[in-house]
Amino acid sequence: MNKKMTFESALERLNEIVEQLESGEKPLDESLKLFEEGSALASFCYKKLSVAEQKIKTVTEQEEKKDGQN
């Protein structure tokens, strides 16, 4: 997986993989490779979302502290 991959591009690729797997047209070996790639992409997206969530919490807490001091 590309280290410069964005959340959006990872999610787009993950959607493509899901569509391919759901079609049932791929042979087993290829389906397994797609599943592995999809699992890695899902993990990447989860980590990105977790980091974003933590940043939002931090900013929100800082804003609440500023509002409480005024």
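Bear in mind that the values in this text are calculations on the coordinates, not laboratory data. What you see is a predicted model, and the numbers here were worked out from it, not measured in a lab. Quick reminder, even Gly has a Cβ in these numbers, built from the backbone with ideal geometry, and neighbours come from all protein chains shown.
Just a few scattered comments:
- Every test in (1) part of a helix (DSSP H, G or I); (2) exposed (fewer than 12 other Cβ atoms within 10 Å of the Cβ); (3) touching a residue at least 40 places away in the same chain (Cβ under 8 Å) is passed by residue 1 save one, and that test is (1).
- Per-region count, segment 31-51, residues free of Cβ contacts under 8 Å to residues at least 24 places away in the same chain and either outside any helix (DSSP H, G or I) or over 17 Å from residue 1 (Cα atoms) (or both): 3
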